[in-house]
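Nothing in this text is a laboratory measurement; each read-out follows from the coordinates by a stated rule. As the structure is a computational prediction, the values presented were derived from the model and not from experiment. A quick note on method: Cβ atoms are made from the backbone with ideal geometry, for glycine too, and the neighbour counts reach across all protein chains shown.
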Amino acid sequence: MFGSVATSTHSIDQYTQFVGDAAIESLRAAAAPLRGARVLYLSSPAASGAVRRLLQSSVPLLADLGLHIQWQQVRIAAEYVEMDRALRRALSGYAGGWHEHRESEWREFNQGNAQMFDEDFDIVVVHHSASVGLHAALTQLHGHSPPGVWLWHSHRDYRNAVPNAWSFIRQHADDFDASVYDYKPFIRDDAPTPRTFVVAPGVDPLSPSARPVSDEVRETILAQRGLNVNQPVIGQIVLSMRDDDPERVLDTFALVRQHRPDVQLVITNLVTDEPALAEKLNALRQRAQQLGGVLVLSEMDRVGNVELSALREEATVLIHEGYPRGISVELLEEMWQSRPIVSARSSVAEALLIEGRTALLADSTEEQASAIERLLRNPRTAARIGQAAHRHVARRHLITHYLANYLKVFQQMLKRRQRTSRR
């Protein structure tokens with residue numbers, strides 16, 4: 001096989017403090033029929049931070065509940081890196097990068113990984129869109145379908161996918177027994193597989209990026225980054241500059257500063273894994289320097305999870321100009337930390353946020369600046385929105401909810417497989 005990814009050793013009992021004894025007992029009861037089931041989570045080395053966080057948290061907890069679960073990563077040789085990136089971009093709606101040559105590379109990539117797939121599992125969950133061809137490659141290699149239930153977990157919004165890329169992936173995803181989506185709106189009308197499920201992401205309240213940070217540690221971090229703890233902070237925590245215009249937040253900030261010259265802006269967690277994105281980052285830094293009062297941190301600045309949590313906690317208001325086109329554990333973590341949020345409308349925002357209750361939704365820079373100024377003027381309103389966001393996550397979007405929903409999917413699909421095999 002490909003080799004297991006190392007994870008921590010969490011116990012499900014540690015989460016009693018967040019959800020209570022009854023919820024933990026319910027999880028144990030749901031997992032009891034699945035004890036000993038051989039489960040494989042298969043992802044990409046280039047998986048988003050959000051996907052990695054979910055797997056890092058859920059895999060050890062499923063193991064603690066009695067499942068024999070492994071998390072492995074497919075091998076992406078250097079010659080297939082561009083293919084993987086081109087497919088990811090095409091499925092996210094960026095035209096021009098997916099063509100017949102890439103399709104040939106995709107087949108070779110899956111055939112190579114099929115050669116290394118030498119174990120049987122009761123359940124295989126593929127968290128990587130380029131690997132939906134693995135099922136067909138194994139079938140071709142061995143002359144029969146691979147054993148077990150196969151699930152494709154699509155973590156992105158593919159409703160605007162480039163048609164030829166979607167058509168190509170869809171026909172191979174149809175080999176799977178079911179597909180899983182983070183949010184219901186992400187399910188296309190022509191979704192593949194006989195069955196679809198929705199398993200929303202969940203916050204791990206014990207993860208370093210979601211845990212509270214002590215005042216001493218937070219003040220040290222802020223001082224090192226040059227932030228003034230006595231002045232308000234606007235924060236934008238994003239994972240990519242690919243899916244939005246990163247300089248729009250500077251336009252909003254400039255408008256706010258006309259009325260609140262004391263405000264500061266932090267933009268962090270920027271991923272620059274392509275040359276074009278590095279160019280955007282340089283342009284962003286130059287303009288930020290001209291404006292003043294702006295701290296820009298990218299992946300090259302090595303912002304760790306504890307620092308990320310500290311920056312969020314210090315933010316008076318968090319703003320989202322746009323999201324990566326898919327899963328957003330980061331947004332849920334902000335809500336869990338009771339932060340008031342101003343967000344542009346997007347498929348992710350509309351799936352997770354409640355206008356006026358858990359966030360303020362605003363699209364134009366003028367609307368966003370007005371919403372931010374409103375929250376700066378009214379700390380009680382900001383606190384009320386932040387607290388409502390925390391309660392919303394506590395009720396629906398903790399890692400325990402994610403586990404409960406996945407256990408239901410596993411049970412349903414295994415029961416169906418057993419009924420089919422008896423016919």
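In table form, for the structure just shown:
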quantity: For peptides 249-260, 82-93, 149-160, sequence by mean Cβ density within 10 Å, most packed first; calculated: 149-160, 82-93, 249-260
quantity: Crossing angle, helix 379-396 versus the chain [Cα axis fit, 0-90 degrees, rounded to tens]; calculated: 10 degrees
quantity: For region 1-156: relative contact order, % (alpha-carbon pairs under 8 angstrom, 6 or more apart); calculated: 26 percent
quantity: Förster radius 56 Å - calculated FRET efficiency between Gln286 and Arg159 (Cβ-Cβ, nearest 0.05); calculated: 0.95
quantity: Gain in span if fully extended, Arg35 to Gln412, counting 0.36 nm per residue against the direct Cα distance; calculated: 134.2 nm
quantity: Under Karplus coefficients 6.51, -1.76 and 1.60, residue-wise ³J(HN,Hα) of region 335-349 in Hz, glycine/proline x; calculated: 5, 4, 7, 6, 8, x, 10, 10, 9, 6, 6, 7, 4, 5, 4
quantity: Prolate/oblate/rounded call for region 215-396, Cα gyration tensor, a/c under 1.5 rounded; calculated: rounded
quantity: Label-point gap, in nm, between His259 and Val217 - each point 7 angstrom along Cα→Cβ; calculated: 3.6 nm
quantity: 5 angstrom amide H check on Phe197, placed H, neighbours 5+ away; calculated: Ser179, Val180, Tyr181
quantity: Highest-first arrangement of 114-120, 104-110, where packing means the average Cβ count within 10 Å; calculated: 104-110, 114-120
quantity: Residues with amide H under 5 Å from that of Gln236, placed H, sequence gap 5 or more; calculated: Val266, Ile267, Thr268, Ile319
quantity: Sequence-separation-based contact order of region 285-422, relative, with Cα cut under 8 Å and 6+ spacing, percent; calculated: 21 percent
quantity: Shape call, region 352-393: gyration tensor on alpha carbons, a/c limit 1.5; calculated: oblate
quantity: Dipole magnitude of region 215-396 about its Cα centre (Cβ charges: Lys, Arg +1; Asp, Glu -1), debye to nearest 20; calculated: 600 debye
quantity: Alpha carbon centroid spacing (whole Å) that separates region 96-112 from region 345-423; calculated: 35 Å
quantity: Inter-centroid distance (Cα atoms) of region 23-38 relative to region 282-317, Å; calculated: 42 Å
quantity: Candidates Gln73, Gln224, Gln337, ranked by Gaussian network fluctuation over the chain, Cα under 10 Å, top entry; calculated: Gln224
quantity: Mean Cβ count within 10 Å, highest first, over the residues of peptides 30-42, 210-222; calculated: 30-42, 210-222
quantity: Rough spin-label spacing in nm, given labels placed 7 Å along Cα→Cβ, for His101 and Glu79; calculated: 1.3 nm
